[in-house]
Amino acid sequence: MKKVYLDYASLTPIDRGVMKQIKKYSSKDYTNPSSLYVSGVKSKIALESAKNRIAKVLHAHADEIIFTSGGTESNDLVSQAFENKNIIISEIEHSSIIKNTKAIRVRVDKNGVVDLGELEKTITKETVLVSIMMVNNEIGSIEPIKEIAKIVRNARRKNSENNKDCM
C-alpha cells in the first residue's frame, strides 16, 4: 500500500541536495563555525556561502538570512524583535505567535479567513508588523495574502501621507 502524507505544513521531505550537505556537515566536516581553528573557519566560509546563495534566490542580503531550528524558533525571534510594539495577527495564528499577548488579534470568519474589513480598520500609524499565516496548519484555511498585502501597503501609504501633512 502506498503511503499518503498530508502534513507538509509541519514537516516536508528534505531536498536531496540539501540532505547531501547536511550529511557532509554533520558527519564528516562538522566543526563550530564560530571557532578560530582551521576546520571551524572552513565551516564558517561554508555557512556564509550558503547564506549568500539563499540571499541571492530571495533577492535579499546575506546578513538578513538567519538559520533557525524551525518555525517556532523563527516566530519567537520575530516576536522578541517586536516586543512591546503594535503588531497585528489573526486569531488563528500559530501558537508561537499567539503567545505574544500584546498583539492585536483580527477575527476570522467561519472558514478561518481573516476579516479584511477589520484588518483595514485595525492598522494604525503605530502598527509595525502584520503577521498572517498564508495557510493555517490546523484547519487548512488559505488567507487572501495579495489582498492583505494591498491593505497593508495602502495603510502605510496613507499613514506616510498623513505624516507629511504634520511636518
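No value in this document is a laboratory result; all are computed from the given coordinates. Please read these numbers as outputs of a predicted model, since none were measured by experiment. No Cβ is skipped: glycine too gets one built from the backbone with ideal geometry, and neighbour counts run over all protein chains shown.
Taken about its Cα centre, the chain carries a charge dipole of roughly 700 debye when the Cβ of each Lys and Arg holds +1 and the Cβ of each Asp and Glu holds -1. Legend: P(r) of the stretch 74-167 from all alpha carbon pair distances, 10 Å bins from 0, whole percents, reading 16, 47, 30, 6, 1. In a simple Cβ point-charge model (Lys, Arg +1; Asp, Glu -1; nothing else charged), the stretch 16-64 has a dipole of about 340 debye relative to its Cα centre.
Shape class for the chain, computed from the alpha carbon gyration tensor (a ≥ b ≥ c): oblate, with a/c not under 1.5 and a/b at or below b/c.
An ellipsoid equivalent to the stretch 16-64, defined through the eigenvalues of its Cα gyration tensor, has semi-axes of 21, 15, 6 Å when rounded to whole angstrom and sorted largest first.
Separation of the stretch 128-158 from the stretch 19-78 is 29 Å, based on Cα centroids.
Taking Lys and Arg as +1 and Asp and Glu as -1, the other residues whose beta-carbon sits under 15 Å from that of Lys28 total +3.
With the helix formula -39500 (n - 2.57) applied to DSSP H stretches of n ≥ 4, the chain reaches a computed 222 nm mean residue ellipticity of -13500 deg cm²/dmol.
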